[in-house]
Amino acid sequence: MLKLRHALAALSLICLFVSPAIGQEALPRPTTAEGWRDLTLSDLAAARDTLNTQTPIPFDTENPAYPAWLQEGYTQAVARAAAVTDQSGYYYTLAFYLSGFGDPHVSVNSSVELPAATWPGFVAASRSGGAVVVMRDESDPDAPQIGAQILSCEGRTLEDLAAERLYPFVLNEQLALDRRRAATRLFMNRPIPGAPPPANCRISENGPERELTLRWRDLPNPAEPYWTAYQTASVGARAEWGVSEPSPGVFWIGIPTFSSGGDTGAQLDQLVQDIRARATEMRRARAIIIDVRGNGGGNSAWADQIAAAIFGDTVASRAASASSRQSAVDWRASADNVAYWRQWLTETIIPEFGEYSDSARFGQAAIRGMEGALDDDPPIWRQGSANVEPSGGLTQERPLSSRRPFAARVYMLSNGTCGSSCLNFADTVLFVPGVQLIGSATSGDGPYMEVRDVTLPSGLATLTIPQKVWRGMGRGPLEAYQPDIAYDGAWDDASVRAWVMELVAAR
């Protein structure tokens, strides 16, 4: 197995265990506007307290925007809570607070179904810096035709509308995928207080332009075709598990996640075995496509094993070393974080990797370190070097040489989801000479990581909180790898695969 790139960052987790923030059972759902306001204030306070007591944020002097927003964002969210009258207001007030950190590893998700969405009779997708219609209500003669361009809404650019009405609550303007998703999300409405959906737009249909008044309506019945179109337009299809050979000498490796636990651990183990079984054949072939569409991270131990299986231990280790920096992490010591790690180690890491594996030793070290710092002031455990290198710039340091380590050309296919452990994987794969990133830019990480989930007292929403902050990280906050060959077409599986195969054939 490839030696872990950073002993201090062996695991970057998509959390599977959910624990209460404070020991209360879920509260009954309110039936009045006053009840929703009170519940919003209660869960806001619990969210702030959880971030204060379970994360490094309140002690982070190196990233001062985080502790500043911990307090200022809370104050602003409390002020917004005065206008809450229903579940949408409740949820998006929480989302405003958590989204304000601008970090993918600090977030809130609804634990229950949000109020039903509405649509204006069409679905839009980002294309060529604008938006085009990719699905329409065929029963509405006024609905824009497939392929129509949406030029502006309410006399403003779509980018301006997204900045005002989406990004304070959902998505992140700094990430390429979220900018693409915004073009679709603007035309799906779940009421956000103070951020109404567009009322009218200017569109172009094969040249002529016209004004269109948007008539917001219930989703089609059944709604499944709509949601399929919405998913394809905004994010696209996920990679399909496994190793395939769609054309002689072209091998396709689908890795939709690195998450441990459940069925995925077994699927990842099988994938490693399948890659190793055909590794020699693949390296001598024409091309290898490493498909990470939909992969948002998981467990970096799996990422390291897969990189070693594809490239071989020597090549993968050399690439991982080339992208490494002297760094450290500061863990927030708390009884709840220690309990989480004990459960994670017992129920997931040891069954998947073994009691004496690098992953298990990493988890045991995290437990010992946090336990030793529980009574410290501040309760922070430093793992790694006392002196670290400056953060940022790693994505610009990829090898200039195009000399491949073996005959096959290697492409890493991204649709923009690749973050967390998937980005750690990219730090190895893209530092192998000759490998090209195709499709979309990757996602980006903030300095915070190692997440777990905490259910708020109401039971209606779940926080994702980080347990450590990285010092001297190679990639700066939200720094992404940019594609060597970009794709600007439809993100359904068939279209993406056809584009990739054409690209490979032309080489």
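The values are calculated or read from the model by the stated rules, or taken from the named source; none is laboratory data. The model shown is predicted, which means the values in this text are computed figures rather than measured ones. Backbone-built Cβ (ideal geometry, glycine too); neighbour counts: all protein chains shown.
Output the residues belonging to region 376-387 that are buried (at least 17 other Cβ atoms within 10 Å of the Cβ) and over 14 Å from Ser334 (Cα atoms).
Gln383, Gly384
Scan region 308-367 residue by residue and report those that are closer than 18 Å to Ile465 by Cα and of a type in the set (A, V, I, L, M).
Passing the criteria: Val329, Ala333, Ala335, Val338, Ala339, Ala366, Ile367.
Any idea which residue in region 112-125 is nearest to Leu214 (Cα to Cα), counting only those that are modelled with pLDDT under 95 and out of contact with any Asp or Glu (no Cβ under 8 Å at 6 or more places or on another chain)?
Ranking the candidates gives Leu114 first.
Checking Thr395 against (1) in the same structural domain as Gly261 (by TED's automatic domain parsing); (2) part of a loop (DSSP other than H, G, I, E, B), only one condition comes out false. Which one?
Unmet condition: (2).
In region 132-147, which residues are in a loop (DSSP other than H, G, I, E, B) and not acidic (Asp, Glu)?
Listed by number, the residues that qualify are Ser139, Pro141, Ala143, Pro144, Gln145, Ile146, Gly147.
Yes or no: Pro104 out of contact with any Gly (no Cβ under 7 Å at 6 or more places or on another chain) and either buried (at least 17 other Cβ atoms within 10 Å of the Cβ) or not assigned by TED's automatic domain parsing to the domain that holds Val469 (or both)?
no
The rows are residues; the columns are (1) within 30 Å of Ala335 (Cβ to Cβ); (2) among the aliphatic types (A, V, I, L, M); (3) in the same structural domain as Asn172 (by TED's automatic domain parsing); (4) under 17 Å from the mean Cα position of the chain (by Cα).
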position: Thr455; (1), (2), (3), (4): yes, no, no, no
position: Ala461; (1), (2), (3), (4): yes, yes, no, no
position: Lys468; (1), (2), (3), (4): yes, no, no, no
position: Pro477; (1), (2), (3), (4): yes, no, no, yes
position: Ile485; (1), (2), (3), (4): no, yes, no, no
position: Ser495; (1), (2), (3), (4): no, no, no, no
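Could you tell me how many of the residues in region 196-234 are among the small types (Gly, Ala, Ser), surrounded by fewer than 16 Cβ atoms within 10 Å (Cβ to Cβ) and in contact (Cβ under 8 Å) with a residue 60 or more places away in the chain?
Number of matching residues: 0.
So, in region 266-289, how many residues would count as being assigned to a helix (DSSP H, G or I) and buried (at least 19 other Cβ atoms within 10 Å of the Cβ)?
Matching residues across region 266-289 total 6.
Restricting attention to region 196-223, which residues are modelled with pLDDT of 95 or more and of a type in the set (Gly, Ala, Ser)?
Correct list: Ala199, Ser204, Ala223.
Every residue in region 146-204 that is among the acidic types (Asp, Glu) and in contact with a Leu (Cβ under 6 Å, 6 or more places away or on another chain), please.
Within region 146-204, just Asp178 meets the criteria.
Report, ordered by the first and then the second residue, all pairs with beta carbons closer than 8 Å, sequence separation of six or more or different chains, a first member in region 250-278 that is free of Cβ contacts under 8 Å to residues at least 12 places away in the same chain, and a second member that is part of a helix (DSSP H, G or I) and surrounded by fewer than 21 Cβ atoms within 10 Å (Cβ to Cβ).
Once the first residue is free of Cβ contacts under 8 Å to residues at least 12 places away in the same chain and sits in region 250-278, no partner that is part of a helix (DSSP H, G or I) and surrounded by fewer than 21 Cβ atoms within 10 Å (Cβ to Cβ) comes close enough.
Test Leu98 against the stated conditions and say whether it is under 26 Å from Met473 (Cα atoms) and touching a strand residue (DSSP E or B) at 6+ places or on another chain (Cβ under 6 Å).
yes
Does region 418-438 contain any residue that is surrounded by fewer than 18 Cβ atoms within 10 Å (Cβ to Cβ), of a type outside the set (Lys, Arg) and in contact (Cβ under 8 Å) with a residue 40 or more places away in the chain?
Scanning region 418-438 turns up at least one residue that is surrounded by fewer than 18 Cβ atoms within 10 Å (Cβ to Cβ), of a type outside the set (Lys, Arg) and in contact (Cβ under 8 Å) with a residue 40 or more places away in the chain.
In region 56-94, which residue that is farther than 27 Å from Gly35 by Cβ and polar (S, T, N, Q) is nearest to the chain's Cα centre (by Cα)?
Asn63
Could you check Gln326 against (1) assigned to a helix (DSSP H, G or I); (2) under 30 Å from Asp375 (Cβ atoms); (3) out of contact with any strand residue (DSSP E or B) (no Cβ under 6 Å at 6 or more places or on another chain); (4) not aliphatic (A, V, I, L, M) and say which number it fails?
Gln326 satisfies all of (1) assigned to a helix (DSSP H, G or I); (2) under 30 Å from Asp375 (Cβ atoms); (3) out of contact with any strand residue (DSSP E or B) (no Cβ under 6 Å at 6 or more places or on another chain); (4) not aliphatic (A, V, I, L, M) except (1).
Within the set of pairs 6 or more residues apart or between chains, which connect a residue that is not assigned by TED's automatic domain parsing to the domain that holds Met449 inside region 66-83 to a residue that is buried (at least 16 other Cβ atoms within 10 Å of the Cβ) and at pLDDT below 95 with Cβ atoms less than 6 Å apart?
Close Cβ pairs (under 6 Å, with a partner that is buried (at least 16 other Cβ atoms within 10 Å of the Cβ) and at pLDDT below 95) amount to Ala83/Pro193.
Of the residues that make up region 302-311, is at least one in the same structural domain as Asp269 (by TED's automatic domain parsing), in contact with a Leu (Cβ under 9 Å, 6 or more places away or on another chain) and not in a helix (DSSP H, G or I)?
No, because not a single residue in region 302-311 is in the same structural domain as Asp269 (by TED's automatic domain parsing), in contact with a Leu (Cβ under 9 Å, 6 or more places away or on another chain) and not in a helix (DSSP H, G or I).
Results for (1) within 15 Å of Ile253 (Cβ to Cβ); (2) free of Cβ contacts under 8 Å to residues at least 12 places away in the same chain; (3) over 28 Å from the mean Cα position of the chain (by Cα), shown as yes or no for each residue.
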site: Arg283; (1), (2), (3): yes, no, yes
site: Arg293; (1), (2), (3): yes, no, no
site: Gln305; (1), (2), (3): yes, no, no
site: Ala308; (1), (2), (3): yes, no, no
site: Phe311; (1), (2), (3): yes, no, no
site: Val315; (1), (2), (3): no, no, no
site: Ala322; (1), (2), (3): no, no, no
